[in-house]
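The values are calculated or read from the model by the stated rules, or taken from the named source; none is laboratory data. Owing to the predicted nature of the structure, the values given are computational and were not obtained by experimental measurement. Here the Cβ positions follow ideal geometry from the backbone for every residue, glycine too, while neighbour counts run over all protein chains shown.
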Amino acid sequence: MSMDVSGVDSSWFEEQASAEVLDREQCLLVLSGLTDAGRVSEALSGGQQLLEAFTEQSRIDDAICVLSWLASHSGSQEDVVDRLKRVFGRDKNAMKLIEPAGFGSSLPIATCFERLVHLRKMRAGALCYNATWGFGLIEEVDYFYAELEIDFEQKGEHTLAFSYAAEALELLDDDHILAVKHADPEGLAERIKKEPGEVVRLALQSYGNMSVGLLTDRLVPSIVPESGWKKFWDGARKALKEDASIEIPRKRSEMIELREGMAYDDSWFDQLAAERDIGRLFERFKEVLERGLDTTTEAAQRVLSERLAFVIGGAPNSRPEWKAEGFIYARLMNVEPVGLDVDAILHALIESDLEGMLDRLPSRQLETLLAILFESDKEALVIRLKRVVPKVSHPVLNEIMAGLIRHGAEEVARELMATALGRRKASASMLLWCQRSTKQVKAWKLISKSDLAFRIQEVLEKDLSGALLRAQNQLREKFQQQEWLHDVMDEMSEQQRRDFMRRINEGQGWEVLDRKSVLAKVLRKFPELQDIVTPAGSAPPKKEIPLTSSRSYRERQAQLEKLMKVDIPENSKEIEVARSYGDLRENAEFKYAKERQGLLMAQGAQLAEDLERVKPSDFEDVPTAHVSVGTGVRLLDGAGTEQVYFILGAWDQDDALHILSSETRLATALLGAHAGDEVEAPEGRMTVTEVLSLSSEVKAWIRA
């Protein structure tokens with residue numbers, strides 16, 4: 001709503017011009033209110049009157065405030081700059097801020113004024129923060145060179161241009177956590193030990209609401225040493241558990257919220273009663289459980305029952321997972337939703353998109369939901385579960401199998417797996433379940449380890465997507481684990497081992513380098529299988545070493561270095577933070593972090609092995625008598641279209657420069673060909689018209 005300006009006339013502007021202090025916020029509201037009321041000329045005239053008065057009185061900041069409003073309603077950029085110069089008068093230092101603020105550039109005029117106001121606040125002795133260099137102290141404002149001299153905690157003394165400081169430097173209030181540390185480091189260290197919850201509150205007041213991950217980045221190591229983070233965070237969570245004004249989430253990626261002035265009393269439940277957003281209701285229900293609030297009072301029971309009924313009854317049929325989550329919270333809080341035909345709704349959930357509903361819910365909630373559905377209509381649920389088991393993700397399948405066993409349907413679970421395995425219809429998720437549930441597989445006598453390995457080979461060759469693709473990738477990772485490979489092949493007969501090796505060597509489910517890596521792992525234990533990879537009569541005693549460009553080799557080295565120095569240490573932090581959330585059996589963050597740890601370690605081992613196996617080259621002076629790695633080739637297809645390619649090493653590819661990896665089908669078809677030869681390429685028959693040296697652009701790409 002616009003401000004009521006019916007009582008504003010020229011005398012109001014005269015009063016403001018002569019007042020010792022200007023309420024700038026109110027002034028801008030009045031000017032905008034006059035404009036909204038159709039009194040534009042009065043607003044412009046009054047604003048101009050104030051501008052002239054403040055300029056004459058050398059009240060520069062008040063003049064800038066009024067001019068910022070006038071500039072957004074009238075005048076060009078050039079006109080604004082001229083008016084600013086009149087405001088600054090003989091203040092040459094102030095003049096130096098006009099260009100760095102962005103005036104005369106493409107920046108919006110309002111942004112330029114914001115930058116100008118920000119720059120004018122920068123004084124020697126002011127505390128500041130930069131996202132790259134952290135906390136700092138402004139030591140000098142050099143107007144001659146238009147730059148700041150800042151002593152940064154992480155970088156030491158450094159200069160920042162005014163123009164960069166306007167957008168990248170944050171000025172800190174005295175109560176900002178970094179300012180508190182600067183003023184009283186011993187006092188803050190004592191608070192970290194004795195009042196970790198209050199330190200978290202101070203961080204939120206300083207930076208705003210943020211995730212646990214971002215909080216960790218903000219506080220470690222500048223405020224809390226890395227070695228002391230776990231103890232600090234455990235203490236903070238414990239201290240804040242009963243504090244209604246701060247909500248600590250389960251997941252590291254979710255926001256910690258600071259909500260001043262709240263307490264868990266009847267008024268809190270009154271606010272809950274008025275909430276109509278389903279997402280926020282779920283957050284409040286979770287809060288009730290996590291903080292162990294008393295839900296037995298009459299007020300709590302009434303509000304929770306009514307709000308749960310609102311969620312379950314009001315959620316659209318297209319979102320069955322919302323209805324399901326409502327029932328889950330009702331069970332966990334021991335509250336009965338009021339006024340619902342519960343049996344009918346639960347039956348509808350069973351008959352709805354059960355697969356999608358289960359996949360969209362957090363896996364930690366599925367045990368409760370399945371218990372509710374089994375109690376409601378076990379027979380109907382079992383029939384539906386039989387249909388969805390081959391389609392769901394591995395985490396969902398885990399819960400379904402456990403639920404069937406827990407609710408007296410173990411034989412159904414066993415038969416589902418046995419039938420799928422016997423008919424070779426087991427999905428990637430089902431095979432992953434078998435691979436990880438070795439005790440159950442053995443008790444049910446489902447399949448041997450060696451036969452399971454063959455089934456996994458089959459599913460690796462399928463084109464999958466979504467949850468089944470994730471399960472497929474996890475199965476593929478098993479083949480990179482040498483101990484597992486050797487273990488399953490030890491169980492095989494000699495002929496089975498040969499068949500298994502042949503499928504690895506010839507199957508369609510492998511990238512070239514991955515296949516070579518797996519083959520190498522097998523041959524370390526079973527060298528007698530070498531003839532499958534290199535048939536008798538074709539076996540050259542010389543082992544070819546794959547080449548790649550020095551550029552691609554350096555990129556892989558950088559990937560490995562980042563993995564070892566950044567990703568793996570960060571993951572270790574994630575694991576420690578996730579441990580702090582408690583019960584590891586129900587801790588999705590911990591499970592995810594541990595799974596990621598295994599993946600990162602496997603990636604690191606694979607990168608190290610690849611770097612040992614592949615040799616870097618600059619492909620200098622490669623002969624052009626025939627097509628080889630390090631040459632170019634000019635081709636003519638059947639339609640008379642000419643194409644040029646440059647064949648480099650195993651890891652090289654650049655479509656813009658027509659660089660082909662030597663492992664591609666086209667490169668493999670061309671290698672060894674001479675000018676005039678016809679080759680059978682993937683796109684059809686082509687004629688090699690010329691073998692070329694590498695172009696200067698390609699050589700520059702290699703050196704880059």
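Of all residues in the stretch 471-492, those that are buried (at least 17 other Cβ atoms within 10 Å of the Cβ) and over 15 Å from Ile504 (Cβ atoms) total 3. Residues that are under 20 Å from His407 (Cα atoms) and free of Cβ contacts under 8 Å to residues at least 60 places away in the same chain do not occur anywhere in the stretch 300-320.
Of note, Asp79 does not satisfy the criterion of being of a type outside the set (Ser, Thr, Tyr), outside the structural domain of Phe103 (by TED's automatic domain parsing) and without any contact (Cβ under 8 Å) to a residue 60 or more places away in the chain. Considering the stretch 678-703 alone, what residues qualify as being part of a helix (DSSP H, G or I) and either hydroxyl-bearing (Ser, Thr, Tyr) or in contact with a His (Cβ under 7 Å, 6 or more places away or on another chain) (or both)? Within the stretch 678-703, just Ser696 meets the criteria. Which of the residues that make up the stretch 674-704 are under 19 Å from Thr641 (Cα atoms) and among the hydrophobic types (A, V, I, L, M, F, W, C)? Of everything in the stretch 674-704, those that are under 19 Å from Thr641 (Cα atoms) and among the hydrophobic types (A, V, I, L, M, F, W, C) turn out to be Ala675, Val679, Ala681, Met686, Val688, Val691, Leu692. For Glu52, the requirement of being surrounded by 12 or more Cβ atoms within 10 Å (Cβ to Cβ) and without any contact (Cβ under 8 Å) to a residue 12 or more places away in the chain is met. Out of the residues in the stretch 140-161 that are among the acidic types (Asp, Glu) and closer than 23 Å to Ser206 by Cα, which is modelled with the highest pLDDT? Within the stretch 140-161, the match that is modelled with the highest pLDDT is Asp151.
Among the residues of the stretch 500-523, those identified as surrounded by fewer than 16 Cβ atoms within 10 Å (Cβ to Cβ) and either farther than 23 Å from Leu469 by Cβ or not charged (D, E, K, R) (or both) are Arg502, Gly507, Gln508, Val512, Ala520, Leu523. Here the condition is being under 21 Å from Ala146 (Cβ atoms), among the aromatic types (Phe, Trp, Tyr), touching a Ser or Thr at 6+ places or on another chain (Cβ under 6 Å) and modelled with pLDDT of 90 or more; of Phe103, Phe88, Phe113, it holds for Phe113 alone. Taking the stretch 641-653 as the range and being part of a strand (DSSP E or B) and touching a helix residue (DSSP H, G or I) at 6+ places or on another chain (Cβ under 6 Å) as the test, the residues that pass are Phe646, Ile647. A single member of Leu513, Leu529 is in a helix (DSSP H, G or I), modelled with pLDDT under 90, touching a Lys or Arg at 6+ places or on another chain (Cβ under 9 Å) and farther than 28 Å from Gln653 by Cβ, and it is Leu529.
Taking the criterion of being among the charged types (D, E, K, R), touching a residue at least 40 places away in the same chain (Cβ under 8 Å) and surrounded by 14 or more Cβ atoms within 10 Å (Cβ to Cβ), the only residue of the stretch 437-461 that qualifies is Lys449. Restricting the search to helices (runs of 4 or more DSSP H) fully inside the stretch 318-436 and requiring at least 3 residues that are loosely packed, with under 15 Cβ neighbours inside 10 Å gives 342-351, 363-388, 410-422. Taken over the stretch 159-185, the criterion of being closer than 20 Å to Glu226 by Cβ and surrounded by fewer than 15 Cβ atoms within 10 Å (Cβ to Cβ) is satisfied by Pro185 alone.
Each row is one residue, and each column tells you yes or no for (1) polar (S, T, N, Q); (2) loosely packed, with under 14 Cβ neighbours inside 10 Å; (3) touching a Phe, Trp or Tyr at 6+ places or on another chain (Cβ under 8 Å).
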position: Ser617; (1), (2), (3): yes, no, no
position: Val627; (1), (2), (3): no, no, no
position: Gly630; (1), (2), (3): no, no, yes
position: Val633; (1), (2), (3): no, no, yes
position: Gly640; (1), (2), (3): no, yes, no
position: Gln643; (1), (2), (3): yes, no, no
position: His674; (1), (2), (3): no, yes, no
position: Gly684; (1), (2), (3): no, yes, no
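From the set of residues in the stretch 654-677 that are part of a helix (DSSP H, G or I) and without any contact (Cβ under 8 Å) to a residue 40 or more places away in the chain, which is nearest to the chain's Cα centre (by Cα)? The selected residue is Arg665.
With respect to being among the small types (Gly, Ala, Ser) and either in a helix (DSSP H, G or I) or touching a Phe, Trp or Tyr at 6+ places or on another chain (Cβ under 9 Å) (or both), Ser32 fits the description. For the stretch 56-80, taking the residues that are under 17 Å from Ser105 (Cβ atoms) and either modelled with pLDDT of 90 or more or under 42 Å from the mean Cα position of the chain (by Cα) (or both), the one that is surrounded by the most Cβ atoms within 10 Å (Cβ to Cβ) is identified as Ala71. In the stretch 43-77, of all residues being assigned to a loop (DSSP other than H, G, I, E, B) and of a type outside the set (D, E, K, R), the one that is nearest to Leu97 (Cα to Cα) corresponds to Ser58. Could you list, in sequence order, all residues of the stretch 186-228 that are touching a residue at least 60 places away in the same chain (Cβ under 8 Å) and surrounded by 19 or more Cβ atoms within 10 Å (Cβ to Cβ)? The answer is Val212, Thr216. As a summary of the residue check, Asp234 satisfies the conditions (1) in a helix (DSSP H, G or I); (2) buried (at least 17 other Cβ atoms within 10 Å of the Cβ); (3) not β-branched (Val, Ile, Thr) except for the one numbered (2). None of Ile256, Ile248, Ile312 is at pLDDT 75 or above, surrounded by 13 or more Cβ atoms within 10 Å (Cβ to Cβ), more than 17 Å from Arg331 (Cβ to Cβ) and among the β-branched types (Val, Ile, Thr) except Ile256. Only one entry of Val488, Val522, Val512, Val533 meets the criterion of being within 34 Å of the chain's Cα centre (by Cα) and not assigned by TED's automatic domain parsing to the domain that holds Arg613, and that entry is Val512. The single condition from (1) in a loop (DSSP other than H, G, I, E, B); (2) over 24 Å from Leu97 (Cβ atoms); (3) acidic (Asp, Glu) that Asp173 fails is (2).
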